[in-house]
1. Can you find a residue in the stretch 99-106 that is more than 14 Å from Asn143 (Cβ to Cβ) and over 20 Å from the mean Cα position of the chain (by Cα)?
2. For Leu81, which of the numbered conditions (1) under 19 Å from Leu178 (Cα atoms); (2) out of contact with any Ser or Thr (no Cβ under 8 Å at 6 or more places or on another chain); (3) not charged (D, E, K, R) fails to hold?
3. Test each condition in (1) among the hydroxyl-bearing types (Ser, Thr, Tyr); (2) touching a Ser or Thr at 6+ places or on another chain (Cβ under 9 Å); (3) in contact (Cβ under 8 Å) with a residue 24 or more places away in the chain for Thr40 and report the one that comes out false.
4. Somewhere in the stretch 130-147, is a residue closer than 30 Å to Ser191 by Cα and of a type in the set (Asp, Glu)?
5. Anything in the stretch 15-58 that is surrounded by 12 or more Cβ atoms within 10 Å (Cβ to Cβ) and of a type in the set (Phe, Trp, Tyr)? List them, or say none.
6. Which pairs do you get when a residue that is within 14 Å of Lys132 (Cβ to Cβ) and modelled with pLDDT under 80, found in the stretch 184-196, comes within reach of a residue that is among the small types (Gly, Ala, Ser) and surrounded by 12 or more Cβ atoms within 10 Å (Cβ to Cβ), reach meaning Cβ atoms under 7 angstrom, with the pair 6+ apart or on two chains?
7. Among what's in the stretch 20-41 and is touching a helix residue (DSSP H, G or I) at 6+ places or on another chain (Cβ under 6 Å) and of a type in the set (Ser, Thr, Tyr), pick the residue that is nearest to Leu153 (Cα to Cα).
8. What single numbered condition from (1) in a helix (DSSP H, G or I); (2) within 26 Å of Phe200 (Cα to Cα); (3) aromatic (Phe, Trp, Tyr); (4) free of Cβ contacts under 8 Å to residues at least 12 places away in the same chain fails to hold for Phe101?
Amino acid sequence: MIEAEKITILNNDWLTVVFFIILTILTVEKFLFSNKLVVTSTFFLKKNNLISLFNREKNTFFNLFLFLFYIIQILTVSVILYYIVEVFQLKTIYKGVELYFILTIGTALYFLFRFLLGSFLAFIFEIKKGYKKVSFEKINYLNNAVIWILPFLLISSYSNISHSILINITLIIFSILLIMRYILLIVNNKSLIVNNLFYFILYLCALEISPFVIILKLTI
């Protein structure tokens, strides 16, 4: 645990710009896709909403709504990674906005690489239909998690209360949301996972764990 005065990220103008961009994109989403945005925020609580959305959009997987949320995901997850580096005082060769910029590039490449390689493996293992459903759920569950964690990130960044405590609470909450995400994915697709266990073990090791560690290693 570090003292509040040691957290130097809280008064940086660039962080305000990042949050402004995120909130601006969310405003655009609200204006263009109001109902879909509301539904997205309830996926953890209402599985049927996610199934209904997939059935409606399975032929239009790449659309403006998901593309805008892809940008929000990258910016938000990069802020969280930035907090992890700062809170745990990880030694890095970058500081401030440079560190955030590197994390943003790494996160964007990680999401893109994971999707493309996952699609390739699904093609090899001949489970494209199942992978498309799982991938759709993963993306939208992460969208749900991002919506829920944003208020905590904002409070942690600008509250005059103990910043270190708030940031740690935010990181714990986000970890819980990610755990919920994986549990729901397993429950929703247990038969597919059991029938293709080798693929999902390979996918988990190669695309979920290793790239995430590499992103952090590149900054240390």
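1. Step one: list which residues in the stretch 99-106 are more than 14 Å from Asn143 (Cβ to Cβ), which gives 99-106.
Narrowing further to those that are over 20 Å from the mean Cα position of the chain (by Cα): none.
Checked against the condition, which is being more than 14 Å from Asn143 (Cβ to Cβ) and over 20 Å from the mean Cα position of the chain (by Cα), the stretch 99-106 yields no hits at all.
2. Looking at each condition in turn, Leu81 falls short on (2).
3. Only one criterion in (1) among the hydroxyl-bearing types (Ser, Thr, Tyr); (2) touching a Ser or Thr at 6+ places or on another chain (Cβ under 9 Å); (3) in contact (Cβ under 8 Å) with a residue 24 or more places away in the chain is unmet by Thr40, namely (2).
4. Scanning the stretch 130-147, I find at least one residue that is closer than 30 Å to Ser191 by Cα and of a type in the set (Asp, Glu), so the answer is yes.
5. Within the stretch 15-58, Phe19, Phe33, Phe43, Phe44, Phe54 meet the criteria.
6. Final answer for the pair search is Leu192/Gly130.
7. Ser41
8. Going through (1) in a helix (DSSP H, G or I); (2) within 26 Å of Phe200 (Cα to Cα); (3) aromatic (Phe, Trp, Tyr); (4) free of Cβ contacts under 8 Å to residues at least 12 places away in the same chain one by one, Phe101 breaks only (2).
The values are calculated or read from the model by the stated rules, or taken from the named source; none is laboratory data. This one's a predicted model, so the numbers in the text were calculated from it and none came from an experiment. A quick note on method: Cβ atoms are made from the backbone with ideal geometry, for glycine too, and the neighbour counts reach across all protein chains shown.
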